[in-house]
Amino acid sequence: MKSKNVFLDYQEIRTILNDSPDLMCRKMELGRQTIQIVFMKNLINQEVLNEYVIKYIQTIPEKHLNYSYLVNNIPIEEIKTEIKGNEFISSLLKGFSYIYFLKEKKGFIVNCNNTLERSIEKAETESLVYGPKISFTESLSSNIKIIRQNLNDYNLCTDSLTIGERVKKEVRIVYIKDIANDETLNNLKERLEKIKPDNINDSSVLAQCLEDDHYTFFPQLLLTELPDRFIYSILNGRIGVFMDGSPVAIIGPANFFSFFESTEDIYLRWSLSTFIRFTRIFAMIVSLFLTAFYVATMTYHFELIPSKLLIIIGQSRSQVPFPPLLEAL
(Lines give C-alpha, C1' and ligand atoms only; values in the text may rest on other atoms or scores of the structure.)
Protein backbone atom coordinates (compact mmCIF):
# COMPACT_ATOMS: atom_id res chain seq x y z
CA MET A 1 0.00 0.00 0.00
CA LYS A 2 1.04 3.60 -0.50
CA SER A 3 1.86 5.65 2.53
CA LYS A 4 -0.78 8.26 1.72
CA ASN A 5 -4.08 8.37 -0.18
CA VAL A 6 -4.50 4.62 -0.54
CA PHE A 7 -6.89 4.02 -3.43
CA LEU A 8 -7.92 0.41 -3.95
CA ASP A 9 -10.75 -1.11 -5.92
CA TYR A 10 -13.18 -3.69 -4.60
CA GLN A 11 -11.23 -6.74 -5.80
CA GLU A 12 -8.00 -5.57 -4.15
CA ILE A 13 -9.81 -4.97 -0.87
CA ARG A 14 -11.49 -8.38 -1.10
CA THR A 15 -8.10 -10.05 -1.56
CA ILE A 16 -6.64 -8.25 1.47
CA LEU A 17 -9.62 -9.29 3.62
CA ASN A 18 -9.36 -12.93 2.48
CA ASP A 19 -12.67 -12.94 0.56
CA SER A 20 -14.70 -12.09 3.63
CA PRO A 21 -18.43 -12.73 3.03
CA ASP A 22 -19.24 -9.62 5.10
CA LEU A 23 -17.51 -7.33 2.60
CA MET A 24 -20.07 -5.73 0.31
CA CYS A 25 -19.81 -3.43 -2.71
CA ARG A 26 -22.57 -1.19 -4.06
CA LYS A 27 -21.76 -0.10 -7.62
CA MET A 28 -23.52 2.99 -8.96
CA GLU A 29 -23.59 4.07 -12.63
CA LEU A 30 -24.49 7.77 -12.66
CA GLY A 31 -23.96 9.35 -16.06
CA ARG A 32 -20.29 9.31 -16.88
CA GLN A 33 -19.30 8.43 -13.32
CA THR A 34 -18.96 4.94 -11.87
CA ILE A 35 -18.84 4.86 -8.08
CA GLN A 36 -18.08 1.93 -5.81
CA ILE A 37 -19.23 2.00 -2.18
CA VAL A 38 -17.41 -0.69 -0.21
CA PHE A 39 -18.34 -1.58 3.38
CA MET A 40 -18.59 -4.39 5.94
CA LYS A 41 -22.31 -5.09 6.23
CA ASN A 42 -22.29 -6.15 9.89
CA LEU A 43 -20.36 -3.10 11.07
CA ILE A 44 -22.26 -0.21 9.50
CA ASN A 45 -25.50 1.56 10.20
CA GLN A 46 -27.64 0.72 7.17
CA GLU A 47 -29.87 3.75 7.66
CA VAL A 48 -26.91 6.15 7.62
CA LEU A 49 -25.46 4.50 4.51
CA ASN A 50 -28.76 4.55 2.62
CA GLU A 51 -30.00 8.00 3.62
CA TYR A 52 -26.82 10.07 3.81
CA VAL A 53 -24.58 8.35 1.28
CA ILE A 54 -26.44 6.44 -1.43
CA LYS A 55 -29.57 8.60 -1.68
CA TYR A 56 -27.55 11.78 -1.39
CA ILE A 57 -25.28 10.75 -4.27
CA GLN A 58 -28.32 9.99 -6.41
CA THR A 59 -29.69 13.52 -5.88
CA ILE A 60 -26.49 15.26 -7.08
CA PRO A 61 -26.77 16.65 -10.65
CA GLU A 62 -24.50 14.88 -13.13
CA LYS A 63 -22.48 18.01 -13.89
CA HIS A 64 -21.53 18.36 -10.18
CA LEU A 65 -20.93 14.69 -9.47
CA ASN A 66 -17.18 14.36 -8.91
CA TYR A 67 -14.73 13.58 -6.14
CA SER A 68 -14.16 17.16 -4.94
CA TYR A 69 -17.85 18.09 -4.83
CA LEU A 70 -18.82 14.96 -2.89
CA VAL A 71 -16.01 15.33 -0.34
CA ASN A 72 -17.03 18.91 0.42
CA ASN A 73 -20.79 18.37 0.53
CA ILE A 74 -21.63 14.84 1.70
CA PRO A 75 -23.68 15.14 4.95
CA ILE A 76 -21.46 12.87 7.06
CA GLU A 77 -19.63 14.22 10.09
CA GLU A 78 -16.40 12.22 9.93
CA ILE A 79 -14.58 11.99 6.58
CA LYS A 80 -11.02 10.86 5.85
CA THR A 81 -9.39 11.81 2.57
CA GLU A 82 -5.77 11.16 3.51
CA ILE A 83 -5.18 7.56 4.51
CA LYS A 84 -1.89 6.08 5.64
CA GLY A 85 -0.84 2.45 5.36
CA ASN A 86 -2.99 -0.08 7.18
CA GLU A 87 -5.32 2.68 8.40
CA PHE A 88 -7.44 2.08 5.30
CA ILE A 89 -8.32 -1.53 6.10
CA SER A 90 -8.59 -0.88 9.84
CA SER A 91 -11.10 1.90 9.10
CA LEU A 92 -13.27 -0.49 7.09
CA LEU A 93 -13.16 -2.89 10.04
CA LYS A 94 -14.35 -0.08 12.32
CA GLY A 95 -17.50 0.58 10.30
CA PHE A 96 -16.32 3.15 7.76
CA SER A 97 -17.58 3.06 4.17
CA TYR A 98 -15.23 3.54 1.23
CA ILE A 99 -16.47 5.69 -1.67
CA TYR A 100 -14.32 5.23 -4.78
CA PHE A 101 -14.51 7.03 -8.16
CA LEU A 102 -13.29 4.52 -10.76
CA LYS A 103 -12.49 7.01 -13.54
CA GLU A 104 -10.83 9.59 -11.30
CA LYS A 105 -8.94 6.90 -9.35
CA LYS A 106 -9.78 8.76 -6.14
CA GLY A 107 -11.63 7.78 -3.02
CA PHE A 108 -12.36 8.66 0.57
CA ILE A 109 -13.94 7.00 3.59
CA VAL A 110 -16.88 8.13 5.71
CA ASN A 111 -17.97 7.01 9.15
CA CYS A 112 -21.13 4.88 9.02
CA ASN A 113 -20.33 2.65 11.95
CA ASN A 114 -23.02 1.02 14.05
CA THR A 115 -21.43 1.16 17.49
CA LEU A 116 -22.81 -1.12 20.19
CA GLU A 117 -22.65 0.84 23.43
CA ARG A 118 -23.70 0.06 26.98
CA SER A 119 -25.79 2.75 28.60
CA ILE A 120 -24.38 4.73 31.51
CA GLU A 121 -25.10 2.81 34.69
CA LYS A 122 -24.46 2.93 38.41
CA ALA A 123 -20.93 2.11 39.57
CA GLU A 124 -20.61 -1.43 40.91
CA THR A 125 -17.04 -1.97 42.10
CA GLU A 126 -16.74 1.50 43.67
CA SER A 127 -20.16 2.01 45.21
CA LEU A 128 -20.77 5.32 46.97
CA VAL A 129 -23.15 6.83 49.51
CA TYR A 130 -22.32 10.44 48.67
CA GLY A 131 -21.61 11.94 45.26
CA PRO A 132 -22.57 10.98 41.68
CA LYS A 133 -23.33 7.31 41.08
CA ILE A 134 -22.59 7.02 37.34
CA SER A 135 -19.61 5.08 36.02
CA PHE A 136 -17.60 4.95 32.83
CA THR A 137 -18.58 2.65 29.96
CA GLU A 138 -16.68 0.72 27.29
CA SER A 139 -17.23 3.55 24.79
CA LEU A 140 -14.27 5.90 24.58
CA SER A 141 -16.35 8.73 23.10
CA SER A 142 -18.93 8.41 25.90
CA ASN A 143 -16.24 8.58 28.57
CA ILE A 144 -14.69 11.70 27.04
CA LYS A 145 -18.17 13.24 26.83
CA ILE A 146 -18.76 12.57 30.54
CA ILE A 147 -15.48 14.28 31.46
CA ARG A 148 -16.11 17.32 29.25
CA GLN A 149 -19.66 17.76 30.56
CA ASN A 150 -18.42 17.79 34.16
CA LEU A 151 -15.18 19.69 33.59
CA ASN A 152 -15.79 22.76 31.44
CA ASP A 153 -12.21 23.97 31.06
CA TYR A 154 -10.65 25.11 27.78
CA ASN A 155 -7.27 23.81 29.01
CA LEU A 156 -8.62 20.26 29.20
CA CYS A 157 -6.66 18.21 26.64
CA THR A 158 -7.50 14.77 25.27
CA ASP A 159 -4.55 13.57 23.19
CA SER A 160 -5.18 10.53 20.99
CA LEU A 161 -2.66 7.71 20.50
CA THR A 162 -2.83 4.23 18.98
CA ILE A 163 -1.22 1.15 20.52
CA GLY A 164 -0.66 -2.31 19.05
CA GLU A 165 0.60 -3.43 15.66
CA ARG A 166 -1.99 -5.80 14.18
CA VAL A 167 -4.94 -4.93 16.43
CA LYS A 168 -5.09 -1.14 16.78
CA LYS A 169 -6.48 0.27 20.01
CA GLU A 170 -7.16 3.96 20.53
CA VAL A 171 -5.94 5.48 23.78
CA ARG A 172 -6.75 8.96 25.08
CA ILE A 173 -4.49 10.88 27.46
CA VAL A 174 -6.55 13.35 29.52
CA TYR A 175 -4.98 16.21 31.44
CA ILE A 176 -5.25 19.91 32.16
CA LYS A 177 -2.56 21.70 30.20
CA ASP A 178 -1.55 24.36 32.75
CA ILE A 179 -1.64 21.97 35.73
CA ALA A 180 -0.11 18.68 34.55
CA ASN A 181 3.65 18.17 34.70
CA ASP A 182 5.15 18.29 31.20
CA GLU A 183 7.94 15.83 32.00
CA THR A 184 5.49 13.26 33.33
CA LEU A 185 3.24 13.77 30.31
CA ASN A 186 6.08 13.27 27.81
CA ASN A 187 7.28 10.20 29.69
CA LEU A 188 3.78 8.70 29.54
CA LYS A 189 3.48 9.34 25.80
CA GLU A 190 6.85 7.69 25.14
CA ARG A 191 5.82 4.59 27.06
CA LEU A 192 2.51 4.34 25.21
CA GLU A 193 4.22 4.67 21.83
CA LYS A 194 6.55 1.78 22.69
CA ILE A 195 3.70 -0.62 23.44
CA LYS A 196 3.54 -3.21 20.64
CA PRO A 197 1.59 -6.26 21.96
CA ASP A 198 -1.88 -6.83 20.47
CA ASN A 199 -3.40 -8.66 23.46
CA ILE A 200 -4.02 -5.57 25.62
CA ASN A 201 -7.80 -5.60 25.99
CA ASP A 202 -8.33 -3.65 29.20
CA SER A 203 -6.94 -0.66 31.07
CA SER A 204 -5.81 -2.89 33.93
CA VAL A 205 -3.43 -4.69 31.54
CA LEU A 206 -2.33 -1.40 29.99
CA ALA A 207 -1.48 -0.04 33.45
CA GLN A 208 0.92 -2.94 34.01
CA CYS A 209 2.72 -2.04 30.77
CA LEU A 210 3.14 1.56 31.94
CA GLU A 211 4.59 0.79 35.37
CA ASP A 212 8.23 1.44 36.27
CA ASP A 213 8.79 -1.92 37.94
CA HIS A 214 6.97 -4.90 36.43
CA TYR A 215 8.02 -7.26 39.24
CA THR A 216 6.67 -5.34 42.21
CA PHE A 217 3.63 -6.59 44.12
CA PHE A 218 2.40 -3.05 44.69
CA PRO A 219 0.38 -1.12 42.09
CA GLN A 220 1.94 2.11 40.84
CA LEU A 221 -1.13 3.52 39.06
CA LEU A 222 -4.73 4.00 40.18
CA LEU A 223 -7.69 2.42 38.40
CA THR A 224 -11.16 3.89 38.71
CA GLU A 225 -14.59 3.66 37.11
CA LEU A 226 -15.85 6.88 38.73
CA PRO A 227 -15.84 10.14 36.74
CA ASP A 228 -15.73 12.35 39.84
CA ARG A 229 -12.61 10.63 41.18
CA PHE A 230 -11.01 10.94 37.76
CA ILE A 231 -11.82 14.66 37.54
CA TYR A 232 -10.63 15.28 41.11
CA SER A 233 -7.31 13.63 40.28
CA ILE A 234 -6.55 15.56 37.09
CA LEU A 235 -7.51 18.82 38.83
CA ASN A 236 -4.72 17.99 41.26
CA GLY A 237 -2.12 17.62 38.52
CA ARG A 238 -2.42 13.93 37.72
CA ILE A 239 -2.84 12.51 34.23
CA GLY A 240 -5.61 10.14 33.15
CA VAL A 241 -5.66 7.50 30.43
CA PHE A 242 -8.69 5.98 28.71
CA MET A 243 -8.60 2.92 26.49
CA ASP A 244 -11.24 2.13 23.90
CA GLY A 245 -13.29 -0.88 25.00
CA SER A 246 -12.47 -0.58 28.71
CA PRO A 247 -14.80 0.90 31.38
CA VAL A 248 -11.87 1.62 33.70
CA ALA A 249 -9.63 4.71 33.62
CA ILE A 250 -5.98 4.91 34.65
CA ILE A 251 -4.75 7.71 36.91
CA GLY A 252 -1.11 8.48 37.57
CA PRO A 253 1.31 9.10 39.04
CA ALA A 254 0.13 7.50 42.28
CA ASN A 255 1.86 7.53 45.66
CA PHE A 256 1.51 5.41 48.78
CA PHE A 257 -1.23 7.53 50.33
CA SER A 258 -3.31 7.58 47.14
CA PHE A 259 -4.51 4.07 47.95
CA PHE A 260 -5.88 5.18 51.32
CA GLU A 261 -8.17 7.76 49.74
CA SER A 262 -11.80 7.14 48.90
CA THR A 263 -13.94 9.16 46.52
CA GLU A 264 -16.38 9.83 49.35
CA ASP A 265 -13.65 11.73 51.23
CA ILE A 266 -14.18 14.58 48.77
CA TYR A 267 -17.75 15.09 49.99
CA LEU A 268 -17.10 14.90 53.75
CA ARG A 269 -15.90 17.65 56.09
CA TRP A 270 -12.11 17.92 56.07
CA SER A 271 -11.83 16.91 59.75
CA LEU A 272 -13.91 13.76 59.27
CA SER A 273 -12.24 12.73 56.03
CA THR A 274 -8.76 13.25 57.58
CA PHE A 275 -9.73 11.12 60.58
CA ILE A 276 -11.04 8.34 58.30
CA ARG A 277 -7.82 8.34 56.28
CA PHE A 278 -5.70 8.04 59.42
CA THR A 279 -7.99 5.24 60.58
CA ARG A 280 -7.34 3.34 57.34
CA ILE A 281 -3.58 3.72 57.76
CA PHE A 282 -3.81 2.57 61.38
CA ALA A 283 -5.92 -0.44 60.37
CA MET A 284 -3.33 -1.36 57.74
CA ILE A 285 -0.51 -1.20 60.30
CA VAL A 286 -2.47 -3.31 62.78
CA SER A 287 -3.31 -5.94 60.16
CA LEU A 288 0.35 -6.20 59.14
CA PHE A 289 2.00 -6.35 62.56
CA LEU A 290 -0.60 -7.76 64.98
CA THR A 291 -0.62 -11.22 63.39
CA ALA A 292 3.20 -11.31 63.32
CA PHE A 293 3.28 -10.21 66.97
CA TYR A 294 0.82 -12.97 67.91
CA VAL A 295 2.87 -15.69 66.16
CA ALA A 296 6.17 -14.46 67.64
CA THR A 297 4.69 -14.27 71.13
CA MET A 298 3.01 -17.70 71.06
CA THR A 299 6.08 -19.40 69.58
CA TYR A 300 9.12 -17.77 71.19
CA HIS A 301 8.16 -15.17 73.81
CA PHE A 302 5.10 -16.53 75.60
CA GLU A 303 6.54 -15.17 78.88
CA LEU A 304 5.30 -11.75 77.73
CA ILE A 305 1.72 -12.92 78.21
CA PRO A 306 0.23 -12.63 81.74
CA SER A 307 -0.01 -16.00 83.51
CA LYS A 308 -3.80 -16.08 83.84
CA LEU A 309 -4.25 -15.14 80.16
CA LEU A 310 -1.58 -17.65 79.13
CA ILE A 311 -3.48 -20.48 80.87
CA ILE A 312 -6.69 -19.55 79.02
CA ILE A 313 -4.87 -19.34 75.66
CA GLY A 314 -3.11 -22.64 76.36
CA GLN A 315 -6.42 -24.36 77.05
CA SER A 316 -7.96 -23.00 73.83
CA ARG A 317 -4.89 -23.90 71.79
CA SER A 318 -4.89 -27.47 73.08
CA GLN A 319 -7.80 -28.14 70.71
CA VAL A 320 -5.93 -26.73 67.66
CA PRO A 321 -3.72 -29.34 65.92
CA PHE A 322 -1.56 -26.71 64.15
CA PRO A 323 1.41 -24.59 65.19
CA PRO A 324 0.80 -20.82 65.62
CA LEU A 325 2.31 -19.92 62.23
CA LEU A 326 0.10 -22.35 60.30
CA GLU A 327 -2.91 -21.29 62.37
CA ALA A 328 -2.31 -17.62 61.49
CA LEU A 329 -1.99 -18.41 57.81
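The values are calculated or read from the model by the stated rules, or taken from the named source; none is laboratory data. The model shown is predicted, which means the values in this text are computed figures rather than measured ones. Don't worry about glycine lacking a Cβ; one is built from the backbone with ideal geometry, like all the others, and counts go over all protein chains shown. Accessible surface areas use protein heavy atoms only, side chains included; no ligands, DNA or RNA. Shrake-Rupley method; radii C 1.70, N 1.55, O 1.52, S 1.80 Å.
Per-structure values
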item: Positions within region 192-232 being part of a helix (DSSP H, G or I) and open to solvent by 70 Å² or more (accessible area, probe 1.4 Å), in sequence order; result: Glu193, Gln208, Tyr232
item: Residues being under 19 Å from the mean Cα position of the chain (by Cα), under 19 Å from Lys169 (Cα atoms) and crowded, with 21+ Cβ neighbours inside 10 Å - total across region 92-136; result: 1
item: Residue match in region 76-86 (condition: touching a residue at least 24 places away in the same chain (Cβ under 8 Å) and touching a Cys at 6+ places or on another chain (Cβ under 8 Å)); result: yes
item: Residue in region 243-264 that is of a type in the set (D, E, K, R), touching a strand residue (DSSP E or B) at 6+ places or on another chain (Cβ under 6 Å) and in contact (Cβ under 8 Å) with a residue 60 or more places away in the chain present; result: yes
item: Condition broken by Pro21, with the remaining ones in (1) open to solvent by less than 40 Å² (accessible area, probe 1.4 Å); (2) in a loop (DSSP other than H, G, I, E, B) satisfied; result: (1)
item: Some residue of region 133-154 being more than 30 Å from Glu190 (Cβ to Cβ) and modelled with pLDDT under 85; result: yes
item: Identity of the residue in region 264-315, of a type in the set (S, T, N, Q) and within 29 Å of Lys133 (Cβ to Cβ), that ends up least open to solvent (accessible area, probe 1.4 Å); result: Ser273
item: Subset of region 265-313 [in contact (Cβ under 8 Å) with a residue 12 or more places away in the chain and under 34 Å from the mean Cα position of the chain (by Cα)]; result: Asp265, Ile266, Tyr267, Leu268, Ile276, Arg277, Arg280, Ile281, Met284
item: Total residues in region 141-191, condition within 15 Å of Leu210 (Cα to Cα), touching a residue at least 12 places away in the same chain (Cβ under 8 Å) and open to solvent by 30 Å² or more (accessible area, probe 1.4 Å); result: 5
item: Output for region 189-215, where each listed residue is over 15 Å from the mean Cα position of the chain (by Cα) and farther than 11 Å from Val241 by Cβ; result: Glu190, Glu193, Lys194, Lys196, Pro197, Glu211, Asp212, Asp213, His214, Tyr215
item: Strands (runs of 3 or more DSSP E) wholly inside region 66-173 containing at least 2 residues that are closer than 30 Å to Phe260 by Cβ; result: 156-163
